[in-house]
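The values are calculated or read from the model by the stated rules, or taken from the named source; none is laboratory data. Keep in mind that this is a model prediction, so the values were computed, not measured. Ideal geometry is used to build each Cβ from the backbone, glycine not excepted, and the neighbour counts take in all protein chains shown.
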Amino acid sequence: MSSIDLVIILVYIVGVTLFGSLVGARSKGLSGYFLGGSRVPAWAVMLSIVATETSTATFLSVPSLSFRAGGNFTYLQLAIGYIIGRVLVSVLLLPSYFRGQMYTAYQVLNQRFGGATKTVASILFLLSRTLGDGLRLYLAAIVLRRLLLLSGLVGDGPGAIMPAEWAMPAAILGMGLSTIVYTFLGGMTAVVWTDVTQFLIYMLGAVAALFIMVGRLDGGWEDLWASGAAAGKFRLFDLSFDLTQPFTIWAGVIGGMVLNTATHGADQMMVQRYLSARSRRQASGALIASGLVVFAQFALFLLIGVALSIFYTEHPPERPLQVDGEFAAFIVTYLPTGLVGLVVAAIFSAAMSTLSSSLNASASSTVNDLIRPSFPGLGEGRLLVLSKALTVAWGIAQMGIAVVAAARFQDSTVVENALAIASFVTGIILGVFLLGVLTRRVGQGAALIGLIAGLAAVSYAKFGPVLTEWFPSMPRGVYPFEGALAWPYFALVGSGTTFLVGLLASLIVPRTETAGPVSETGPED
């Protein structure tokens, strides 16, 4: 990596921070800070949704799925389920979010069940989001550290700008602080428009890398299609029924559908984007269209993985490739000067778009779900100051988790397990939302019983294999799978258990609560 590449990376970080700060400077009041004044066009909402759910791991790890031996396009089965899940969110949940002046997803639960349910859901979101995104920041820092080591900018060589042990904290601080600055200054408007910019940057970087890679193949594009097809790399469907495998048609369509309904229907980070749109109809169109864009984006990353597998067959690497590091190695080894800096900036983009969304959503949920109900006398001016302070506080918390992870975690699988723990909370919250939308007899007590049962069920699904390791004489029926249940099913287990147990509990714990008032009518079309 040359000094030109380094300058490009630094210019990107400074530029996106200034850009986010400037575009968000016109936001006024809490509605402007948290919802962009509900004036964001549908196409920008759509790209912001895509950028938010695209992490550094997506950018670099998805190509590895088709690169590895036996790898193919079966990952796209999940994207099919994601599209169906987005349609369900548009039909089942979006109408509730636009029925009144809402700031967070969990205010709907307050109207339907009461304050306790809203508070529990909000706290679960805040804890899981902070833990999950702190660890995602750590994973992004791992990738950046690897790139810096490969480039020679970090280490003991003559071109190094810092020792190797400084690379991890520098990467965490660089991404964390710059994201905090523009989110703090610009709020939701800054988040959305920097998301749009970041989407364009990382897609440009990915497409440029693919064309350069294919240009170095002996037979170009014909070589890519012929060799990929001969190796079975373009296989899309896996019809086998194995609940421990994540990339089958059942895990993709059923598991992916429920998972995406949860992550895009019951997670404040996504709901906040819909509320920033100009109307429910525009929010719905943006959400469904984002599923199609995600499908195309995954297909692009998988095609990069196929191209990598053929490229390294024709041009064997000088040293062994790390798992999930094949694309990173190509970037720093074969891309020309300038483009390396652009692609590394694209990796920054993927990480920062997720983190900025998390910070603004966490601040919004804290203020609107926890603080405002407890201190109704606080004026909007004080709440806005508090919101910005909370943006900084949640950012520091995420960086703290990333630093602790860097000091303690030696195996990335530990982090992946922790991320799974953080992600399955959304399925439980979805179950509570479905109790509110699809039933009338379920009250707050029954909903909370269902929530607790869902948390227990999904924890069992995740940690069941550990029980069999600790207690080898345990009866076979206690945990029925040979390995861990595949992660796409976690949301199905959590939401299904929460819904069914809550419904049954309502037979014993009758509903006594009444729905809260709706302050005003929101835009419907």
Given the conditions (1) modelled with pLDDT under 75; (2) of a type outside the set (S, T, N, Q); (3) assigned to a helix (DSSP H, G or I), every one holds for ASP133 apart from (1)
Restricting to the range 191-233, name every residue that is within 26 Å of the chain's Cα centre (by Cα) and either in a loop (DSSP other than H, G, I, E, B) or among the hydroxyl-bearing types (Ser, Thr, Tyr) (or both). THR194, THR197, TYR202
Can you tell me which residue within the range 234-284, out of those that are of a type in the set (Ser, Thr, Tyr) and farther than 24 Å from VAL50 by Cβ, is surrounded by the most Cβ atoms within 10 Å (Cβ to Cβ)? THR248
Go through (1) closer than 28 Å to VAL253 by Cβ; (2) in a loop (DSSP other than H, G, I, E, B); (3) of a type in the set (Ser, Thr, Tyr) and name the single condition TYR103 misses. (1)
Those residues of the range 313-336 which are in contact (Cβ under 8 Å) with a residue 24 or more places away in the chain, in a loop (DSSP other than H, G, I, E, B) and either under 21 Å from ALA140 (Cα atoms) or not assigned by TED's automatic domain parsing to the domain that holds ASP223 (or both) amount to GLN322, VAL323, ASP324, GLY325, LEU335
For VAL323, state whether it is of a type in the set (Val, Ile, Thr) and modelled with pLDDT under 90. yes
Name the residue that is surrounded by the fewest Cβ atoms within 10 Å (Cβ to Cβ), counting only residues in the range 461-495 that are modelled with pLDDT of 80 or more and either among the aromatic types (Phe, Trp, Tyr) or not in a helix (DSSP H, G or I) (or both). TYR489
If you check ALA231 against the conditions, is it buried (at least 20 other Cβ atoms within 10 Å of the Cβ) and not hydroxyl-bearing (Ser, Thr, Tyr)? no
Which ones in the range 101-119 are surrounded by fewer than 21 Cβ atoms within 10 Å (Cβ to Cβ) and farther than 21 Å from ASN360 by Cβ? GLN111, GLY114, GLY115, ALA116
If only one of SER364, SER349 is closer than 19 Å to ALA209 by Cβ and either surrounded by 20 or more Cβ atoms within 10 Å (Cβ to Cβ) or in contact with a Pro (Cβ under 9 Å, 6 or more places away or on another chain) (or both), which one is it? SER349
Quick check: is even one residue across the range 419-428 at pLDDT 90 or above and not assigned by TED's automatic domain parsing to the domain that holds LEU126? yes
I want to confirm something. Restricting to the range 197-217 and keeping residues that are at pLDDT 90 or above and not hydrophobic (A, V, I, L, M, F, W, C), which single residue is surrounded by the fewest Cβ atoms within 10 Å (Cβ to Cβ)? GLY215
Based on this model, can you work out whether MET270 counts as closer than 28 Å to VAL192 by Cβ, in the same structural domain as LEU124 (by TED's automatic domain parsing) and touching a His at 6+ places or on another chain (Cβ under 7 Å)? yes
For the range 56-76, give me the residue count where each residue is crowded, with 24+ Cβ neighbours inside 10 Å, of a type outside the set (Phe, Trp, Tyr) and in contact with a Ser or Thr (Cβ under 8 Å, 6 or more places away or on another chain). 1
Restricting to the range 243-298, name every residue that is more than 15 Å from the chain's Cα centre (by Cα), among the polar types (S, T, N, Q) and over 25 Å from GLY71 (Cβ atoms). SER276, SER279, GLN282, SER284
Scanning for something farther than 28 Å from VAL437 by Cβ and among the charged types (D, E, K, R), does the range 273-282 turn up at least one residue? no
